[in-house]
Amino acid sequence: MKRSFKPCLAGIGVALALGLAPQSSHAAENILYNCFHPPQYYTCAVIYPEMAKRIKEATGGRVTLSTPPKSLAAANEQFQGVTNGVMDGATSFTPFIAAETAGMQLPVLPFVGRANAEAASRAMYKTYHKFFAGKPGEFEHVELIGIYSINGSDIWSINGKPILSVKDIADRKMFAVAGVAANVVKLTGSSVVAGPAVQMLESIANGVVDGYAGVTWDVLQDFNTGQYTKSGTFTDRKITQPTFAMFINKDKWNRISPEDQKAIHAALGEDFSAWIGKKTDENFDKARKKWMAAGVKTYDASPEFEAEMTKLSSPLVDAWKDKVKSMGIDGDEVIAYFEKAYDDAVAAMKSN
């Protein structure tokens with residue numbers, strides 16, 4: 001008996017009339033990507049919309065990205081929020097996820113990171129993917145999709161005396177951003193008040209401290225500390241360079257087709273890292289010009305001062321080298337590669 005295909009064709013016609021196109025094996029996916037900053041901050045207002053645009057264009061609209069109106073987790077709990085499914089993706093300050101990545105701690109180490117965020121972001125992307133990407137113990141519980149660094153951090157005085165030596169730090173009470181910056185300042189013998197950058201203003205405004213460390217010009221603007229700041233001291237290699245990892249929940253990532261996964265990685269590669277760094281540099285430069293015009297004096301650290309600070313903090317760098325050595329990686333080689341990649345990026349920027 002001859003079978004009729006008319007009912008089947010009719011069903012397709014109805015589906016098309018209703019706008020129901022045949023579905024692929026991977027349905028469209030929206031990534032709920034958290035931002036732990038206030039909505040008006042440039043990370044939420046500028047960087048994430050650009051990331052959404054690049055993902056949508058790269059996947060032909062099959063993958064989109066949206067950001068909730070306020071953060072779904074505290075700044076130090078972004079990784080847990082993603083792995084627990086509270087949100088699909090997020091960005092974390094890498095010291096908060098040291099257990100998930102040794103490689104991403106590199107620019108955060110004392111006197112390794114540098115001033116320029118665009119060059120450092122490009123250098124860090126190259127360095128991480130050359131030495132650490134895919135290694136056991138590196139982001140095994142999430143999918144890493146992006147890397148960037150912001151400007152390296154400096155040292156600030158809120159009294160009339162600039163900080164020009166290790167003794168100048170040791171002789172005063174300092175606020176330092178918790179983590180590497182606070183650990184370095186403690187090594188000088190200073191009495192340290194440590195905490196996140198959002199807690200600086202209270203200690204500074206109330207006269208609890210005489211200086212602070214671990215932040216850059218734009219923080220003087222964003223956290224209102226500039227009005228109390230008399231001078232800044234600037235080293236070549238920085239006391240620390242905050243670096244950030246962008247990642248997505250593994251289950252969510254696995255719902256995206258392999259072709260679109262590849263497209264997303266390409267869209268958020270080295271050029272995207274550099275683009276974020278460039279936006280960071282623009283904010284940095286605006287804040288620098290504003291506060292210098294307002295009277296904040298600037299001092300370049302002497303080679304002797306920087307060398308002494310580097311020597312004091314060397315145990316922190318050595319501990320990292322021991323960690324990556326256990327992974328079969330030469331830490332000195334990694335640092336040298338990062339420094340050359342940074343210098344090459346700066347040279348390329350100057351030639352353009």
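The values are calculated or read from the model by the stated rules, or taken from the named source; none is laboratory data. Predicted model only: the values in this text are computed from it and were never measured. As a convention, Cβ positions derive from the backbone with ideal geometry for all residues, glycine included, and neighbour counts pool all protein chains shown.
May I ask you to list the residues in region 127-160 that are closer than 24 Å to THR310 by Cβ and touching a residue at least 60 places away in the same chain (Cβ under 8 Å)? It would help to see each step written out before you state the result.
Taking region 127-160 as the starting set, the residues that turn out to be closer than 24 Å to THR310 by Cβ are 127-128, 131-132, 149-157.
Answer for region 127-160, where residues must be closer than 24 Å to THR310 by Cβ and touching a residue at least 60 places away in the same chain (Cβ under 8 Å): THR127, PHE131, PHE132, SER149, ILE150, ASN151, GLY152, SER153, ASP154, ILE155, TRP156, SER157.
Given the condition at positive phi, surrounded by fewer than 18 Cβ atoms within 10 Å (Cβ to Cβ) and without any contact (Cβ under 8 Å) to a residue 12 or more places away in the chain, answer yes or no: does some residue in region 220-227 qualify? No; the residues of region 220-227 include none that is at positive phi, surrounded by fewer than 18 Cβ atoms within 10 Å (Cβ to Cβ) and without any contact (Cβ under 8 Å) to a residue 12 or more places away in the chain. Of GLY232, GLY211, GLY179, all but one fail to be under 30 Å from MET104 (Cβ atoms) and in contact with a helix residue (DSSP H, G or I) (Cβ under 6 Å, 6 or more places away or on another chain); the exception is GLY179.
Which of the residues that make up region 216-235 are farther than 21 Å from ALA274 by Cβ and not in a helix (DSSP H, G or I)? Across region 216-235, the qualifying residues are PHE223, ASN224, THR225, THR229, LYS230, SER231, GLY232, THR233, PHE234, THR235.
If you scan region 165-189, which residues turn out to be within 30 Å of TYR125 (Cα to Cα) and in contact with a strand residue (DSSP E or B) (Cβ under 6 Å, 6 or more places away or on another chain)?
First, the residues of region 165-189 that are within 30 Å of TYR125 (Cα to Cα): 176-185.
Correct list: ALA176, VAL177, ALA178, ALA181, ALA182, VAL185.
The number of residues in region 224-261 that are more than 18 Å from the chain's Cα centre (by Cα), among the aromatic types (Phe, Trp, Tyr) and closer than 30 Å to ALA307 by Cβ comes to 2.
Pick from ALA52, ALA45, ALA99: which is surrounded by fewer than 21 Cβ atoms within 10 Å (Cβ to Cβ), without any contact (Cβ under 8 Å) to a residue 24 or more places away in the chain and in contact with a strand residue (DSSP E or B) (Cβ under 7 Å, 6 or more places away or on another chain)? Steps first, please.
Working: ALA45 fails: in contact with a strand residue (DSSP E or B) (Cβ under 7 Å, 6 or more places away or on another chain); ALA99 fails: in contact with a strand residue (DSSP E or B) (Cβ under 7 Å, 6 or more places away or on another chain).
Among ALA52, ALA45, ALA99, only ALA52 is surrounded by fewer than 21 Cβ atoms within 10 Å (Cβ to Cβ), without any contact (Cβ under 8 Å) to a residue 24 or more places away in the chain and in contact with a strand residue (DSSP E or B) (Cβ under 7 Å, 6 or more places away or on another chain).
The condition of being in a helix (DSSP H, G or I), surrounded by 14 or more Cβ atoms within 10 Å (Cβ to Cβ) and touching a residue at least 60 places away in the same chain (Cβ under 8 Å) holds for ILE335.
Restricting attention to region 125-134, which residues are surrounded by 17 or more Cβ atoms within 10 Å (Cβ to Cβ) and touching a Gly at 6+ places or on another chain (Cβ under 9 Å)?
Filtering region 125-134 down to residues surrounded by 17 or more Cβ atoms within 10 Å (Cβ to Cβ) leaves 125-128, 131-132.
Across region 125-134, the qualifying residues are TYR125, THR127, TYR128, PHE131, PHE132.
Scanning region 112-160 for residues being farther than 20 Å from ILE276 by Cβ and of a type in the set (Asp, Glu) gives a total of 3. Taking region 271-292 only, how many residues are closer than 28 Å to HIS129 by Cβ and of a type outside the set (Asp, Glu)? Matching residues across region 271-292 total 11.
Is it the case that ALA245 is modelled with pLDDT of 95 or more, in contact with a helix residue (DSSP H, G or I) (Cβ under 6 Å, 6 or more places away or on another chain) and over 16 Å from ALA287 (Cα atoms)?
Details: modelled with pLDDT of 95 or more: yes; in contact with a helix residue (DSSP H, G or I) (Cβ under 6 Å, 6 or more places away or on another chain): yes; over 16 Å from ALA287 (Cα atoms): yes.
Criteria met by ALA245.
Show me the helices (runs of 4 or more DSSP H) found entirely inside region 1-95 where at least 2 residues are assigned by TED's automatic domain parsing to the domain that holds HIS141 and at pLDDT 95 or above.
Of the helices (runs of 4 or more DSSP H) lying wholly inside region 1-95, those with at least 2 residues that are assigned by TED's automatic domain parsing to the domain that holds HIS141 and at pLDDT 95 or above span 48-58, 78-83.
Within region 156-164, one or more residues are within 27 Å of THR91 (Cβ to Cβ) and either among the hydrophobic types (A, V, I, L, M, F, W, C) or in contact with a strand residue (DSSP E or B) (Cβ under 6 Å, 6 or more places away or on another chain) (or both).
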